[in-house]
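Student: Dropping the structure in here first, questions after.
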Amino acid sequence: MCGIVGAIAQRNVAKILLEGLSRLEYRGYDSSGVAINNEVGVRAHRAVGKVQALKDKFESAPLDGKMGIAHTRWATHGKPTEENAHPHFSGDDLALVHNGIIENHETLRRNLIELGYEFRSQTDTEVIVHLIHNALKTEPDLLQAVKNALKHLHGAFAIAVTLNHENDRLIAARKGSPLVVGVGIEENFVASDQLALLHVTDQFIFLEEGDVVELTRDQITVFDANDQVQERPISVFNHHVDASDKGEFRHYMLKEIYEQPKVIAACLEGRISEDRVLTSSFGADSAFLKDVENIHIVACGTSYHAGMVAKYWIEELANIPCSVEVASEYRYRKVAVPKKSLFLTLSQSGETADTLAAMRMAKGLGYLTTLAICNVPSSTLVRESDLTLLTRAGTEIGVASTKAFTTQLTALLITSIAIAAEKGELSDDKHTALVHALRSLPSYVDAAIKQDSAIKLVSEHFANKHNALFLGRGPMFPIALEGALKLKEISYIHAEAYPAGELKHGPLALVDETMPIITVAPNNQMLDKLKSNLQEVRARGGELFVFGAKETGFAQAEGIHYNEIPWVEEVLEPIVHTIPLQLLSYHVAVVKGTDVDQPRNLAKSVTVE
């Protein structure tokens, strides 16, 4: 959730580090800091707020040097203050930045205080730098001192460490938090995300669990969890998928909403023929498609909502049981695994801590195989899963997920159809019809995005609202959950979602003339039921905001704001009907004047529990 950047070079690294932090700001923006080593010692600037506050400090008091580390923070332990901002120090010359959570930090802190160490922050991070400093008293080599200190840590971490009188090397390590090495010419780099380093290199080494790395200007040495030197492969980044520029758009979120037809087409490319889903999409070992008799989907947040939609598709098309669970709950309970069960994980980043832990736990529980649907090919989740299906959404900067969600849904629909076909649950005609529907999906999504101007007008009704209720039936219920999540994430309006049939069991008590009720109304067998539920709302004075196809029969009326959405095949409705809710949440946030791309208290990649 925080961001790390480190560099060792033949040139001044200050601009490299600051640019890296700017590119990582979506991962955390409570505070930031830089420590640079030069001939006079380690010098640092730290600032509360966004990276621009740190840049302002550099403008008034420049720092320069050929080695340094930097960090942008999403607060876990301690408030966002300069004292709690990274880098943290022990003595005058040892500096460290850290992502993750140290679970035994309180015990370590007490022990270090007894040894005479003074703590200047409330963070768990400061115990690591003092541990290393203490290790240096008996082991003067920085690399070995870091290895010795890490043995005492329980939890998840990625760290980068510098020692002033060792200006020729930078030490980094990872356990449970991502870390990547950038390979240069007479310069090398480390970061929590390759995006931070694309301005200086396109060659990367992805560190594995337990790795410690020693960087000099000319050499990279990786030690694995058993302290053995390893040659990790170098990957070259495809710049065509870099999306760090907003272009003509005001915010990344709006840009990413508009990119959805293109990325959905990319997700489909090579995975469907004229009339079939291609099982080769899942790799050479696709026999599990025929053998699977149960599916267990585990995910967090927006990805969890995608999994909830997939449950409807899987049980409808493949006729096999599917359960969906929040990863943070799954990993802490005893799980009964039915025979021949597929364990399916969903994650945009592939670094979500709870999802990774759930997948590692599942490896020992007797599942048929593990399948990850993910957006980042170099991520830990992809590397550790048996099988993967990449969503190909490209870099998503906005904290509120949009294109990552709809490409997850697209990949899940591909998976559902493939399993149904392999198990003999689809007739040839039905299979062909589903594939033809998939081929039309990008154009349907584009048509929905063209309602942007009309939805912008609707958003003005929310300027003074503080609560909202989303309703849906069938697979539209998880879409309602996703719509409520988007609205609360970026506009800070309290929003909840319910199955429309549950209104009379409690939520109806909230409905009055001040409560906006938002629903998507697809033209399916549940339409009449939904209309009855909405009549219950109007009878209590609730203001309705309905997004539906012309065929649904809705129209503008007193207390009803209707926006037309293009008709689509029923199987595609959850994907296409997501679009107006994304646009609504975006425009409401703009009306409210909130920070759309970097909402308070949130970060893009949740790499801690």
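Student: Kindly establish whether Leu153 is aliphatic (A, V, I, L, M) and modelled with pLDDT of 95 or more.
Tutor: no
Student: Test of understanding: among Ala480, Ala404, Ala400, Ala411, which residue is in the same structural domain as Val520 (by the TED database), closer than 18 Å to His577 by Cα and crowded, with 20+ Cβ neighbours inside 10 Å?
Tutor: Exactly one of Ala480, Ala404, Ala400, Ala411 is in the same structural domain as Val520 (by the TED database), closer than 18 Å to His577 by Cα and crowded, with 20+ Cβ neighbours inside 10 Å, namely Ala480.
Student: Among the residues of segment 359-371, is there at least one that is in contact with a helix residue (DSSP H, G or I) (Cβ under 6 Å, 6 or more places away or on another chain), charged (D, E, K, R), touching a residue at least 24 places away in the same chain (Cβ under 8 Å) and in the same structural domain as Glu293 (by the TED database)?
Tutor: Within segment 359-371 (the criterion being in contact with a helix residue (DSSP H, G or I) (Cβ under 6 Å, 6 or more places away or on another chain), charged (D, E, K, R), touching a residue at least 24 places away in the same chain (Cβ under 8 Å) and in the same structural domain as Glu293 (by the TED database)), the answer is no, since none of the residues qualifies.
Student: Something else now. Does Ser347 satisfy the criteria of being under 19 Å from Ala158 (Cβ atoms), surrounded by fewer than 24 Cβ atoms within 10 Å (Cβ to Cβ), assigned by the TED database to the domain that holds Val309 and in contact with a strand residue (DSSP E or B) (Cβ under 6 Å, 6 or more places away or on another chain)?
Tutor: No, not satisfied.
Student: Got a number for residues in segment 39-88 being assigned to a strand (DSSP E or B) and surrounded by fewer than 17 Cβ atoms within 10 Å (Cβ to Cβ)?
Tutor: Here the count works out to 1.
Student: So which residues in segment 495-551 are assigned to a helix (DSSP H, G or I), under 18 Å from His461 (Cβ atoms) and modelled with pLDDT under 70, if there are any at all?
Tutor: Those that are assigned to a helix (DSSP H, G or I), under 18 Å from His461 (Cβ atoms) and modelled with pLDDT under 70: Leu534, Val537, Arg538.
Student: Separate question: Test Ala265 against the stated conditions and say whether it is assigned to a helix (DSSP H, G or I) and closer than 30 Å to Ala7 by Cβ.
Tutor: Judged against the criteria, Ala265 is not a match.
Student: Assess whether Gly3 counts as being buried (at least 24 other Cβ atoms within 10 Å of the Cβ) and either touching a strand residue (DSSP E or B) at 6+ places or on another chain (Cβ under 7 Å) or of a type outside the set (A, V, I, L, M) (or both).
Tutor: It is true that Gly3 is buried (at least 24 other Cβ atoms within 10 Å of the Cβ) and either touching a strand residue (DSSP E or B) at 6+ places or on another chain (Cβ under 7 Å) or of a type outside the set (A, V, I, L, M) (or both).
Student: Identify the residue in segment 350-382 that is assigned to a loop (DSSP other than H, G, I, E, B) and among the small types (Gly, Ala, Ser) and, among all such residues, is surrounded by the fewest Cβ atoms within 10 Å (Cβ to Cβ).
Tutor: Gly364
Student: What is the one condition in (1) touching a Leu at 6+ places or on another chain (Cβ under 9 Å); (2) farther than 22 Å from Glu25 by Cα that Phe189 does not satisfy?
Tutor: (2)
Student: I'm trying to understand the selection: among the residues of segment 163-181, which are modelled with pLDDT under 95 and under 28 Å from Glu351 (Cα atoms)?
Tutor: Arg169, Arg174, Lys175, Gly176, Ser177, Pro178, Leu179, Val180 - these are the residues of segment 163-181 that are modelled with pLDDT under 95 and under 28 Å from Glu351 (Cα atoms).
Student: To continue, here is another question. Determine if segment 327-336 includes at least one residue that is among the acidic types (Asp, Glu) and without any contact (Cβ under 8 Å) to a residue 40 or more places away in the chain.
Tutor: Checked segment 327-336: at least one residue is among the acidic types (Asp, Glu) and without any contact (Cβ under 8 Å) to a residue 40 or more places away in the chain.
Student: If you don't mind, another one. Could you grab me the full set of residues in segment 43-91 that are in contact with a helix residue (DSSP H, G or I) (Cβ under 6 Å, 6 or more places away or on another chain), in contact (Cβ under 8 Å) with a residue 60 or more places away in the chain and among the aliphatic types (A, V, I, L, M)?
Tutor: Correct list: Ala70 only.
Student: Return the pair list, or none, for Cβ contacts closer than 6 Å from residues in segment 188-213 that are under 16 Å from Leu170 (Cα atoms) to residues that are among the polar types (S, T, N, Q), at least 6 apart or on different chains.
Tutor: Ser192/Asn99
So that you can scan it fast, the table gives a plain yes or no per residue for (1) touching a residue at least 24 places away in the same chain (Cβ under 8 Å); (2) out of contact with any Gly (no Cβ under 8 Å at 6 or more places or on another chain); (3) not acidic (Asp, Glu):
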position	(1), (2), (3)
Glu118	no, yes, no
Leu143	yes, yes, yes
Ala149	no, yes, yes
His154	yes, yes, yes
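Student: Output yes when any residue across segment 183-203 is modelled with pLDDT under 90 and closer than 20 Å to Val146 by Cα, and no when none is.
Tutor: yes
Student: Here is a further query. Can we say Ala95 is among the small types (Gly, Ala, Ser) and either in a loop (DSSP other than H, G, I, E, B) or crowded, with 19+ Cβ neighbours inside 10 Å (or both)?
Tutor: So Ala95 passes the test.
The values are calculated or read from the model by the stated rules, or taken from the named source; none is laboratory data. This structure is a prediction, so every number in the text was calculated from the model and none was measured. So basically every Cβ, Gly included, is an ideal-geometry build from the backbone, and we count neighbours across all protein chains shown.
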